[in-house]
Each structure stands twice: as C-alpha cells, then as structure tokens.
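The values are calculated or read from the model by the stated rules, or taken from the named source; none is laboratory data. Quick caveat, the model's predicted, so the values are computed rather than measured. Here Cβ is always computed from backbone atoms with ideal geometry, including for glycine, and neighbour counts include all displayed protein chains. The protein model used for the area step is the full one, side chains on, heavy atoms only, and it has no ligands, DNA or RNA in it. Shrake-Rupley method; radii C 1.70, N 1.55, O 1.52, S 1.80 Å.
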Amino acid sequence: MQSCTHLIVGASHAGLTALSAIRMNEPDAAIVMATREDHLPYSPTVLPYVVSGRSDPAKVTLRSESFFDENKVSYLRKATLLALDTGANTAHFPDGRSIRYEKLLLATGASPNIPPIPGLKDVPFHVLRTMDDALGLKKAMVKGKRALVLGAGLIGTHAAENMAEAGMKVTIVEARGQVLPGYFDHQASGIIETAFKAHGIELVFGRAVKEIKSGQALLENGDAIPFDLLLVATGVRPDLSYLQGSGVKSDGGILVDELQRTNISNVWAAGDCARARLFQSEATGIAGILPIAVEQGRIVGQAMTDDAGVRNFPGSVSLNTYTFFGQQAISVGAGEAPESETSLCVDEDRNTYLKIVIKDGRLMGAAAVNQALDPGILWQLVLRRTDLSEVREAFLADPKTISRMLMSRIWR
Amino acid sequence: MTALAKHKKMIVVDGNEAAARGVALARPDVVAVYPITPQSSLVEALSAMIAGGELDAELMNVEGEHSVLSALQGAALAGARTYTATSGPGLAFMFEPYIRQPGMRLPMVMSLVTRDTLTPQCVWGGHQDAMLVREVGWIHMYCETVQEILDTVIMGYKVAEHPEIMLPVNVNHDGNYLSYGVTSCELPDQALVDDFLGPKSVNWHVALDPERPMGVDPLVGNAGGVGPSMFVRYRKGQTEAMAHSLEVISEVHADWAKRTGRHHAPLIEEYRLDDAELALVTLGSMTGAAKDCCDMLRDSGRKVGIIKVKTFRPFPALAMRNALSKVKAVGVVDRSVSYGWNSGPVYQDTLTVIGKFGLKLPAIPFIAGLAGADITVAHFERAFDLVAKGEAPPGPVWLNEKD
Amino acid sequence: MSAYNSLTYNASLCVGCTECMKACALAKTGDATNLDQSRIKIVPAQEPEKFEAAICRQCGDAKCVMNCPSGALTKNGANGVIDWNADTCVNCLLCTVGCVYGGITYEASVGHVAKCDTCGGDPACVKVCKSGALGYVTTASIYNDYGDKEDMFVPGLAACQGCNSELMIRHVMRKLGRNVVVAAPPGCIPGMGTVGYNGKAGAKIPIFHPLLTNTASMLSGIKRTFERQGRDVTALALAGDGGTSDVGFQSLSGAAERGERILFICFDNEGYMNTGMQASGATSFGSWTSTTPVGDKLHGKSTDAKNLPMVMMMHNAAYVATASSVFMEDFYQKLDKAVEASKHGFAYLHLYAPCPSGWRFPAGLTIDICRLMVESNFVTLWDYTPGGGLEFTHPVDTPKPLDSYLKAIGKYRHLANEQVDRIKKLLEDRLSMLKRFQKA
C-alpha cells in the first residue's frame, strides 16, 4: 500500500495553498495530492471564462507537471475519494487503490446541487463545476438557439452572459426576486439586471420550475419556457458520501475547529467542503468562496506541520467580486446588520452604487458597483474591527483613499 | 688521532654563537627575535645564518618579546618547530605568553641568557630572571660550558617534543661568562642531529589548521560549564609530564652521549663526591671555578666535592638525595635571591630534599655572582671553609659583599 | 529561496509632492497627469502634512497570486516581482480581495487590474523622489550570494539580545568559509561561546583564544607557518576594540608594520562590554561607562576615542576600512577587498558595533542606531589603500542632527551642552582631517 506523511485530497485553491505551506515547513515529507480530475489543477472560478473563450483551457492550470516533480509531490489523477478508514489512517480510491497517511486534508470541494424537478433527470442538461463541464457547455452553445439557465447565482449569471455573448437567446429563471441573491442587495442587483436586459437576456424572478417536459420548463404560474440548452446552476454542495463510516463529523459540510481540524485529530478540512466558523455570526457555515479557501488552506498546511506561527481562522467574511458586461461589482462583509447605520450613495447617471454599513464605529460591510475600492483592505478593516469613528465622515465620502491611509498607518 | 676524531668539526665560538649553531642543527621552522643584552649576539648569529641561507627558517623580527613568544605559539599551533632567546627584562615582558606555553603543551626550546633583574639597573649575568619563572611549568636546564649549551639546545628539542612530555624547555646559559666566553667547541654533524631528533611532530595534540579544525583553549574551570574536573585534568597531566621528563631527560642525554661521545650529566653532576665529606651545590657557569677550587683543595688533602645541578625544573630530588647522602655538610651557592626565604632558591630546594628524605647534615646558604660579579676560586675556598665549620648563619653569606 | 530587491517607503520623510505618482503615470500610461493610473498611491495621513502610501509589496507569499483562478499572477523567481499576464487575466478581481495593501487595483480606464512592476528593476518613482521617502533596496543580491552559504557558527551563541557583533561575525564567516584560522581574543566574541568545537557550541572552523594582548602576533606566527608550508590559509582576527586599541595595540602595530598577511577585524563597541562596560581607548568622549562614571566630579569619559582606523591608515596597511552593518553591500565590498589585500599585506577592517547592553538603548534599535551613527556623521565610512588614498564610501552631506544620535543612547544621557559642543567640534575636525587624505 502506498503511504505518505501528508495526503491532500482535492487540487484546487485550498489543497494547493496547504501544499505550499506544508512544503515550506517540511522539505522532505512525503506528500500525495489526489484529485478526482484528469487535469492538472485549475480553479472552478475560471470555468465561465473557459466557456466564453476568454481563457484557453491549456493556460489556466494553477500548477504545472514540473511543479509536482520539483516539489516531490505525487499527483494522482482520477482519484475520487471513495471511503475513509480513520482507524487505519487509510483512504480508499477507485481501482482498489488505497493510501495510508499520517495526516489528511480533505479539500474535496463541492458538486452541483441538482434540484428534484420532475422530468429533469430525463433530459440532457449542463452543469458548470468541472473543466469537462465547461468544455461540454462551450461546445453546446450554438448561435441563435435558446438557452435556459436555472438559478441566478454567480455561475448562472456568468454562464448566461457567456451564452448571450455567443449569440444565444438566454432566459434565466430564479426562484428568488433578484440576480445574485445573498451577494448584493436589491438595488445593486438592479444595476446588474439592467445590464443583462440590455444584452437581451430575459430574467424571470420569483418563479420555481415545476417540471421539465418536452423541451420546455413549466413554471409554477403555468408559463412554459422552451429551450435548446438547459444549464442547471442552482448552487453547489459538498459531496461527502466518502465520510460514511469514517467517524468524521459533518453537517452539510465537514465540521472543523478554529484550525480547520475535524473531530479526528489527524484529519483536517478546508475550502468548499468545510463548515467553519463565520466572522460576523455565532453560527458556522460553508463560505464557498475562493479567498476563504486560500485562507483555510494555509492554516491547515501550517497546522499539519506543527508550525508555531499558525493562527486561528478568524471566521469567514463574505467576499465577492463580480464582473459583468465590462462592469464590476464587489461586496465585502455584511450587506445589513441590526442596529447599524447604512450609507448609500447611488449615482444613476454614472451607473454607480456604493453602500457602507457601519456599526459601533466599525465597518460591517461594503458593496460597490462600478466604484473602485480595495476589497482586500476593507476585509482587513472588518477583521481588525478598526475603529473608524475619527475618520467616519471622510471614510464615507472617500472610502478608497481613507482605507488606504488606514492600511498604511496600521498594518503597513 | 682516533677515527672518531677525524670526523670532528671543531669551531671556536662564544656561548651565544654555540647556542645559535645548535639551534641551526635542530632545523627550526620559525625563529622570532627581539634583541636584548646579553642575548643579542645570539639572535644576530641566527639572523645571519638565515640571511645567508645556512639555516632555512622563517625569521620574524617582531616588536618585542611578548610578540616573539606569541608569534611562536601561533607557529607551533600551525605545526612549526620554533626557537627564540631572551634575557632578564625581555623575559619579564614575555611573561604573559610565557606562562601560557606549558599549559598549551606546546614544545619549544628557548635560550635564557640569564641576567640579573632590575632594579638597580644592570645588564650583567645572574640567575634572578630564570629563577622568577621557575614555577611556571617550563623545563629549566642550566649549562656549564659552551659545548654543553650547543649540545643541550639540540637535546632540548628531543625532550620538549617527546610525545609523553610536550612541554617547553628553557636552556639557560649565563650572561657574560657563557654568552661571551669564547672556547673551542665540537660541532655535531647535521646528519647525526637529524637522526637523533627524528621527524618533528609539534601539533599533533592541539592545532590550528583548517584540515583539523578544533577550538583551541576554550574556557575551562570554575564550578560551571564542564566543571572543575577538566581543569584539574589539564593541570594534573602537566604535572605528570613534568615529573616524567626527568626520566626522558636522562634517556636523551644517554642517547646523545652514545652518538657523540660527549657525556653531560642530565640532572645532577657529582664531581669528586664519592669520598667527599663536604660539598658545594652549584648551578651554571660558576661550576667551572668551583671544580677548580675543589681540585685545588683535593690537592691539599681536603675531602671536598661539587654537586652541580643541571636540571633545575623539574627538580631532580632523588638524584639530589643520592648526592647529598654522600657528604657530611653542604653549602649551596645561589646566583639569585628568594626574598621570601632570605636565601637562594637552590638552597631552598636543597633544604627540601634534606627534609623530605630525612637526611642529617648542615646546609649553608651562599649568594654570589649577582649582576655579573666574579665568583672566583677564592670565593669557593671561603665557602668550603664555612661549610667545614658546619654552622648555619642566620642569613645567607654574601660572597661578593666586600668585592 | 531567493531574496529580491525591493521598493521601500519611509512615511516620515514623505512630503506628499506626488512626483512619484506623476513619474509612474508617465511611465505606465505616457501621461503624467493621469494620477489615477499611478501604481503607487500617496494618500494624506490623518496628521496634517503627513502622508501614507499604497503600493505592491511584491509579497513572497502573495495572496493575490494564491487567489488568482487563471494563473495570470505569478511570482517571478528571477526578480521577485509579481508578474501580471494580460493574456490570461479574466478580470475576476479576486486578486484585489487577496491584497491587504491596495497593491493591485482595478483601473477602470484600462478595464483591468494594474500593479507595480518595479519598471524592470529601475523604478521611475524612486528616481524622482527628492525627500528620500522612496527607496529601492538592492541588497538582495547579498542574500542570494551568501544566504545558502554555511553559517560557520552554531546556532544559539549566547550574545546579548540585539548584539550587532554576533550578526556580523556570522556574515563574515559565511563569506570566508572554512579555510581560515580565527583568533577571538577575550571579549564579547569568545564570551558568547564562539571558541569551541563540538557541534553544539562554538564554531565549525579552527578558532582560538589568543591573549587579549597578542592576537596579531599569534596570527603572524600561524600565517608565516602556513606560508612556509605553501598553504593559503586566511588568518583572521575577530577582536574587540579593547584588545585592539589598548593592550593589543603593540602587537597589532607590529604586525601591520611587518605587513603580515592577516585580516584583522575590530568590532568597535566602545569599551569592555563583555565584563561590565568598562571604558577602553576607543570609548567616545563623554560616554558613561562603569570606569568613567557620572557624578559631581566626573562626567563620563574625559578623553576622546583613539581613532584606530586612522592609526592603521598611518601604518600604511595594505587595506584599511570602516564599515557598518546597515550598509551591507558596502561592508561586503570592503570584506572582499580586505580578503584580497590580506593575501599580500595587512588588512584592517573597523566595524562599528553599537551595544544595546553597554550603551543603554533598546535591543530592538541596534540597526537603527547603526544607521543613525553613520547618518549623523558620528562615524564615517571610508576605505584606504596605500596607492589609492582614502575614499568615502557613504558620504553624508546633510547629516542628521548629532543630538538625535546622542539622545537615542543612554550612555550620553548626562551630557552637558559643553560636552556636546566638544563632540561636535571633534567630529568636524576628524572629518576635515580625513578629507585631507581623500584621493584626488
């Protein structure tokens, strides 16, 4: 049986960041990285750009073959984790392959959530989570044909834009009342929706699909939307079937402590499969965003190598950047909070939007459309709970300049 | 002439040049010099030999005796056989590295051209300089004749570099009488000396060499760190080597005699002692006049003899006991003063031997020859007369007090 | 792993002239007025007339790179710059989430992110900065050249916290390597445990305690013997100022006069700091030490320091230089020259080594004090060769106030105005004397 010191399952941002941290601390430890993919590592975030043709699939790999050679890492492709024996410290993969580890990182990511819509299983439909999905979707896009997108989250909106740009007639159906619910408020989403409509994309809100039948989606209100291409983009969730019988606790995501360790002492989890603490709430949750996967991956890499410098994960903060039809939207932290003050600045002529939420003199969140901000600095201001009372007015008037000043003064 | 005599090369030299010739035959690698009366002509002779290519050695003209010995310690740590010579104030200035040399177990030969110490100002012979450093851990051998200087310098290397000894040797010859006294002298053959000394190995035990890296002379001692035991171990080893050197000195002298036909008593020379009733203990060049006096008194029927101390450090207690046990009274002629005992140092050591071995004989202290004063046959005759009386005076007898 | 040159910003010097932003905008867009497009952003600080800056730090562990889903951002292994690739960038802006410094930002006018690329190692902003706030530190090559070389001392030498001498002996020995014999006369350097050889303490090279008095002469004997054996071994002294300027001076002078092939490095901490901060001949005027105390009758050291490097210059040594650990490039160049000179003559390096324990300043400020010492002209960095004369290697034309140096150090706390005036006069006289030796 193959054995190693560190087994990393998953080859996206969390796994790769952990890998670098491990290698930094332990130049010679045996490391195996296993991925379900038959590709070199890539980011799911880049897939819409593969679909649009902006990105060459051959050029989006995050690590080259030689990287693994140089770092003495055994990179296993097509190695979907099937089962875990935490008693024997052994992970089981297809074709009878098993690997014994001393320490294990589960960074297995998430898979598309397929809603239980009658008839959906019986028709061909697309999802967009893997490179193969992206290449399949790209190939299926045909100018002039009708595309239906279920879900107006980041994947759905990105893909809809891609398909519209490819000349398809696109409709998005979203059960909730706006695009990007949970990321942006109704007003900010309005700017985005305007752009979508201007590009001929039809938006259907507040309607669930009741059934898929004869090349049409039947809505609750009886409307029927015909399609040639169907993309299901109703969110993702981790596929944790491999945990069965392992003793690793999960609740929709793998439960971890402040150093991303599971209830099994030599098993860690990070990224889209981990349910970790949230910064602005007592609850836990799956962040599902790339910067948090990177944060967690680094913590795990340090924790797995007993790095004395490791610091607790402060908790996920919502962080989003979204570009659409040449425009940009970002959000950091909470869009609203009880007993907070909200400053809103909307310029319809210039198509800009800026919202800042402050509570007790501390930044809770900020969101902007077509307004340059440094989200990394704002994230730090949230995490550090920096007292803004002295610069409050100036900050609200020019958050970019004032946040840079604060950065240079405080953590330069 | 005998067959042996045919090969003899005779030279006419003073004691300083004899020392220089002996040194050259021992082939030192590094010679460091700083001139001082009455040593100067010695280092001048060596410098001339190096300048002329007669001696292949590195000549270091350094800025003082302190650096002379320091440079030679460095050289020895890098593997060099070394030599220098000094006198009186020069030795005093050299004292700091001098006391360190035996602790580092660095073998070398240094000529002490003995000189009385300041003050009063003087530039003449006397043993006070050498006696001041008698407890430092160097081997001290005193020469009587120019020939003995030449031979002892060579033998000194054999003693110093003996693997069971590894200690520095002072070959002492008296300023003025021996340094400038010219006599004929036999110069050994280079091949003989090469064979006698054998290959040199100076720093096998402690070295400063990138090919054998080590830390030399780290802090040792007190109650911390490695504890007192390490320091005791070093000191004890040094003491044992000193004690053992008496045996080695004797072997080396015997070997030299076998090869050259010249016998020098290694530790104590007994002169006309076997049936003697009285004896004088002497050190260095005064022995010549003492022997003349002895011969003269013998001619008149008096049973007198001479006990010459050659190796003064370590002190050859057994040999001294053997000599003293042959006579009924003894006098000791010192060329220096031990202020603590108000007598000479050799006298003190003689008393120690008498006491240690339970001998019963009176011992009279004499002090003579300070700052180049003559010690004549007449002085020795007076000394014998006083010894014959057998009464120890309250203080030493200053033989030159009225000169 | 490599180190890289880097851009530095000293907020206390910045006057907010924005010349750097204009230069950047010009270099990157061809239009100096397009300040929005400058990759360095100077912003007003909270305090009036003060400024802050946002600029890419070219992080070693760059979050922008880790956050990039398309591989468009990469750390350039050759120069350390975070390279941005326009072809593969997908404009997702996740890099701007990763950067906590505002170093990579979305530029609306060009429709993509932009960041500092150090202008290929010759940053336009630094060249126009008149206040000295911006710098381009080019000492990385030293780390790259020497970082992988073996440290010839074991870890955990027992030097005081903040000890400049320990830092510098490690630098020296990394460069010199193993073919060397090291003399460490009594003082801080052996006191910190360098003389030993057992893998846990001391050094990995032949090293010894000479006497405080005879460092140069012992090395002379060692070097002569190796020369006689036909071996090229460096004879090196790592000595304190006491052993160099006081009791060790005679042997030093003799060895220099003889032109012994020795490299003698003096670590000048102005006194006997290993044994309780007693004054030496190198202690500066006015200094409190335990033997030049401060009271009603005595007010610190009453005489000026013996200026050893000048004295060694008068010996016509093959090479003489002064150096400081804040100017490492300068120091390494001098060390190179000194090693070379020591093959044919006596080489003397005088290293200024402020001592937090003995001088009474916080251990964390050692390097700052080193810098201030040079920048206030309290000491002067120069080197000298008999043929080439004296050259100032770091001339300070507009020195920082001497008071800022004296006030930073506890041993000068008691100084009266007259004493400060005397020091000022001394420094002026010394500088003008040195200038007379300057090469034409």
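Could you tell me what a quarter of the Cα convex hull surface of the stretch C:149-436 works out to, in nm² with one decimal place? If you can, show how the numbers build up before the last one.
On the way: hull surface 56.8 nm².
So the Cα hull casts an average projection of 14.2 nm².
Can you pull the Kirkwood radius for the stretch A:112-235, inverse mean 1/r over Cα pairs, to one decimal in Å? Show your work: numbers first, answer last.
Numbers: mean 1/r = 0.0697 Å⁻¹.
Every distinct Cα pair counted, the radius reaches 14.3 Å.
In square nanometres, what is one fourth of the surface area of the convex hull spanned by the alpha carbons of the protein assembly as shown?
Numbers: hull surface 266.6 nm².
Projected area, direction-averaged: 66.7 nm².
Quick one: which residues, 5+ away or cross-chain, put their amide H under 5 Å from the amide H of B:VAL62? H built at 1.01 Å from N.
The list, which skips near neighbours in sequence, is B:VAL33.
Per DSSP H run of n ≥ 4, the term is -39500 (n - 2.57); total these for chain A, divide by its residue number, and report the mean residue ellipticity at 222 nm rounded to 500 deg cm²/dmol. Can you show the working numbers first?
Numbers: 10 runs with 102 residues, N = 412.
Result for chain A: -7500 deg cm²/dmol, rounded to the nearest 500.
Express in whole angstrom the spacing between the alpha-carbon centres of the stretch B:261-278 and the stretch C:354-368.
Between the Cα centre of the stretch B:261-278 and that of the stretch C:354-368, the gap is 70 Å.
In Å and on Cα atoms, what radius of gyration and Dmax does the stretch A:326-410 show?
Cα-based Rg and Dmax for the stretch A:326-410 come out at 12.1, 36 Å.
First compute the accessible area of chain C with a 1.4 Å probe, then give the percent of it belonging to carbon and sulfur atoms. Write down the numbers at each step before the final one.
Details: 9130 of 17260 Å².
Using a 1.4 Å probe with all protein chains present, chain C comes out at 53 percent carbon and sulfur.
Here is the link list: A:LYS400/C:LYS400; A:LYS400/C:LYS22; C:LYS334/C:LYS425; B:LYS326/B:LYS356; A:LYS400/C:LYS28; A:LYS59/C:LYS63. Which ones come out longer than 24 Å on Cα distance?
Working: A:LYS400/C:LYS400 35 Å; A:LYS400/C:LYS22 19 Å; C:LYS334/C:LYS425 29 Å; B:LYS326/B:LYS356 16 Å; A:LYS400/C:LYS28 21 Å; A:LYS59/C:LYS63 20 Å.
Check vs 24 Å cut-off fails for A:LYS400/C:LYS400; C:LYS334/C:LYS425.
From the C-alpha coordinates alone, can you work out the Kirkwood hydrodynamic radius of chain A, in Å?
Working: mean 1/r = 0.0439 Å⁻¹.
So the Kirkwood estimate lands at 22.8 Å.
State the percent of C-alpha pairs, over all pairs in chain B, separated by a distance greater than 29 angstrom. Present the calculation step by step, with values, prior to reporting the outcome.
Working: 34769 of 81003 pairs.
The calculated P(r) of chain B puts 43 percent of pairs beyond 29 Å.
What residues of the stretch A:263-304 lose no less than 10 Å² of accessible area with every protein chain in place versus their chain by itself (probe 1.4 Å, heavy atoms only)?
Output list: A:LEU290, A:PRO291, A:VAL294, A:GLU295, A:ARG298.
When the Cα centres of the stretch A:170-229 and the stretch A:24-78 are compared, how far apart do they sit, in Å?
If we compute the Cα centre of each part, the gap is 35 Å.
If you place +1 on the Cβ of every Lys and Arg, -1 on the Cβ of every Asp and Glu, and leave all else neutral, what size is the dipole of the protein assembly as shown about its Cα centre, to the nearest 20 Debye? Mind showing how you got there, number by number?
Numbers: 121 positive and 132 negative charges, 225 e Å.
So the dipole magnitude of the protein assembly as shown works out to roughly 1080 debye.
If R0 is 25 Å, what FRET efficiency do you get for C:ASP122 and C:ILE367 from their C-beta distance, rounded to 0.05? Please report the intermediate quantities before stating the final value.
Details: r = 27 Å, r/R0 = 1.06.
With a Förster radius of 25 Å, E is 0.40.
For the stretch B:119-180 and the stretch B:301-356, what is the separation of their Cα centres, given in Å?
Distance between centres, Cα-based: 18 Å.
Can you list the HN-Hα couplings for the stretch A:56-68, worked out from phi with the Karplus curve (6.51, -1.76, 1.60; θ = phi - 60°), rounded to whole Hz and with x for Gly and Pro?
7, x, 6, 10, 9, 5, 7, 9, 8, 4, 5, 4, 5
Non-local amide H neighbours of A:SER250 (under 5 Å, H modeled in plane, Pro and chain starts lacking H): which ones?
A:LEU255
Tell me the per residue accessible area of the stretch C:6-142 using a 1.4 Å probe; a whole number in Å² is fine. Each step should come with its number before you reach the end.
Values: 5500 Å² over 137 residues.
Result: 40 Å² of accessible area for each residue.
Explain nothing, just the number: relative contact order of chain A, from Cα pairs under 8 Å at least 6 residues apart, as a whole percent. Please list the in-between numbers first.
Details: 887 pairs, mean separation 59.3, N = 412.
Contact order relative to length: 14 percent.
So for the stretch C:6-142, averaging the separation of alpha carbon pairs under 8 Å that are six or more residues apart and normalising by length, what relative contact order in percent results? Display every interim value, and only then the final one.
Working: 240 pairs, mean separation 40.4, N = 137.
In percent, rounded to a whole number, it is 29.
So what is log10(I(q)/I(0)) for the stretch B:268-398 at q = 0.09, 0.17, 0.20, 0.21 1/Å, when the Debye sum runs over its Cα atoms only?
-0.21, -0.80, -1.16, -1.30
Charges at C-beta only: +1 for Lys and Arg, -1 for Asp and Glu. How large is the resulting dipole of the stretch C:149-436 about its Cα centre, in Debye rounded to 20? The partial results should precede the final answer.
Details: 31 positive and 27 negative charges, 110 e Å.
Dipole of the stretch C:149-436, to the nearest 20 debye: 520 debye.
In square angstrom and rounded to 100, what buried accessible area do you get between chains C and B, total over both, with the probe at 1.4 Å? The partial results should precede the final answer.
Numbers: alone 20270 and 16950 Å², together 34570 Å².
In total, this chain pair buries about 2700 Å².
Please list, by residue number, everything in the stretch A:244-272 whose backbone N is under 13 Å from a paramagnetic label point 7 Å out along Cα→Cβ of A:ALA83.
What the label zone holds, given the 13 Å backbone N cut-off, is A:244-247.
Given that compact globular proteins tend to follow 2.2 N^0.38 Å, what is the ratio of the alpha-carbon Rg of the stretch C:108-215 to that value?
Details: Rg = 21.5 Å, N = 108, 2.2 N^0.38 = 13.0 Å.
That works out to 1.65 for the stretch C:108-215.
List the relative contact order of chain C as a percent without decimals, with contacts defined as Cα pairs under 8 Å and 6+ residues apart. It would help to have the intermediate numbers written out before the result.
Numbers: 879 pairs, mean separation 45.6, N = 440.
Relative contact order of chain C: 10 percent.
Among B:SER300, B:LEU273, B:PHE315, pick out the residue whose Cα is farthest towards the positive end of the charge dipole of the stretch B:268-398, where Lys and Arg carry +1 and Asp and Glu carry -1 on C-beta, about the Cα centre.
Farthest along the dipole direction, towards plus: B:PHE315.
Can you compute the helix-only [θ] at 222 nm over chain C? Use -39500 (n - 2.57) per DSSP H run of at least 4 residues, normalise by all residues, nearest 500 deg cm²/dmol.
Details: 16 runs with 140 residues, N = 440.
It lands at -9000 deg cm²/dmol.
Using a 1.4 Å probe on the protein heavy atoms only, what accessible surface does B:HIS205 show? Give it in Å² to the nearest 10.
For B:HIS205, the solvent-accessible surface is approximately 60 Å².
Between A:ASN266, A:SER316, A:LEU81, whose Cα lies farthest towards the positive end of the dipole of chain A when Lys and Arg beta carbons carry +1 and Asp and Glu beta carbons carry -1, centred on the Cα centre?
Selected residue: A:LEU81.
Given only helices, namely DSSP H runs of n ≥ 4 each adding -39500 (n - 2.57), what is the per-residue ellipticity at 222 nm of chain B, to the nearest 500 deg cm²/dmol? Please list the in-between numbers first.
Working: 14 runs with 160 residues, N = 403.
Computed ellipticity for chain B at 222 nm equals -12000 deg cm²/dmol.
With +1 on the Cβ of every Lys and Arg and -1 on the Cβ of every Asp and Glu, and nothing else charged, how large is the dipole of the stretch C:6-142 about its Cα centre, in debye rounded to the nearest 20?
Magnitude of the dipole: close to 140 debye.
Can you work out the Karplus-derived ³J(HN,Hα) for every residue in the stretch C:158-166? Use 6.51 cos²θ - 1.76 cosθ + 1.60 with θ = phi - 60°, whole Hz, and x for glycine or proline.
My calculation for the stretch C:158-166 gives 8, 6, 5, 4, x, 6, 6, 5, 4 Hz in order.
Counting other Cβ atoms within 10 Å, which GluC sites (Glu not before Pro) in the stretch A:263-337 have at most 15 and lie in a DSSP loop? Present the calculation step by step, with values, prior to reporting the outcome.
Values: sites: A:GLU282, A:GLU295, A:GLU336; in loops: A:GLU282, A:GLU336.
Sites meeting the loop and neighbour criteria: A:GLU282, A:GLU336.
Would you work out which of C:GLY156, C:GLY410, C:VAL172 lies farthest towards the positive end of the dipole of the stretch C:149-436, given +1 charges on the beta-carbon of Lys and Arg and -1 on that of Asp and Glu, about the Cα centre?
Farthest towards the positive end: C:GLY156.
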